[in-house]
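Submitted below is the structure of interest, expressed as structure tokens.
The values are calculated or read from the model by the stated rules, or taken from the named source; none is laboratory data. Keep in mind the model is a prediction, meaning the values are calculated, not measured. Please note: Cβ atoms are built from the backbone with ideal geometry, for glycine as well, and neighbour counts cover all protein chains shown.
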């Protein structure tokens, strides 16, 4: 771990990851829409952009892992296990706000996101137990 932990450098890496991850999601979506619209050349270009950005995001994650000393998979999974309940709670809270604002249609998407986080948590917890059994 370097002295840059908790510094502007770490904030910059995290912001870079957030932005490039959002770009990956958006270009994947736009590629699908280009296919629907009958524009295969545009779809192919967008998919190439998606793959390049995905590689860049993974590079940023690798840098962040080196800087924070969490390059091994297990600490990363343990961190993810800790974060998933708060992510689920956040999505559930957004769903409640949307419902209160009369947007049940959007609230249902937040409910799906919350349910997915709970599902991921259950699967990772099971996987963590399998790993413990294998090492015994």
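Is at least one residue of region 18-28 surrounded by fewer than 17 Cβ atoms within 10 Å (Cβ to Cβ), at positive phi and at pLDDT 85 or above?
no
Any idea which of (1) surrounded by fewer than 16 Cβ atoms within 10 Å (Cβ to Cβ); (2) at pLDDT 90 or above; (3) within 18 Å of the chain's Cα centre (by Cα) is the one residue 44 doesn't satisfy?
Going through the list (1) surrounded by fewer than 16 Cβ atoms within 10 Å (Cβ to Cβ); (2) at pLDDT 90 or above; (3) within 18 Å of the chain's Cα centre (by Cα), residue 44 breaks only (3).
Would you mind stating whether residue 65 is surrounded by 13 or more Cβ atoms within 10 Å (Cβ to Cβ) and either in contact with a helix residue (DSSP H, G or I) (Cβ under 9 Å, 6 or more places away or on another chain) or in a helix (DSSP H, G or I) (or both)?
For residue 65, the condition - surrounded by 13 or more Cβ atoms within 10 Å (Cβ to Cβ) and either in contact with a helix residue (DSSP H, G or I) (Cβ under 9 Å, 6 or more places away or on another chain) or in a helix (DSSP H, G or I) (or both) - is met.
In region 47-58, what residues are farther than 14 Å from residue 21 by Cβ and buried (at least 16 other Cβ atoms within 10 Å of the Cβ)?
47
Turning to a different aspect of this structure: Any idea which of 97, 133, 82 is modelled with pLDDT of 95 or more and assigned to a helix (DSSP H, G or I)?
Step by step, each of 97, 133, 82 is checked, and only 97 is modelled with pLDDT of 95 or more and assigned to a helix (DSSP H, G or I).
Another question, if that's okay. Restricting attention to region 20-38, does a residue exist that is outside the structural domain of residue 128 (by TED's automatic domain parsing), under 17 Å from the mean Cα position of the chain (by Cα), assigned to a helix (DSSP H, G or I) and in contact (Cβ under 8 Å) with a residue 40 or more places away in the chain?
Yes, region 20-38 has at least one match.
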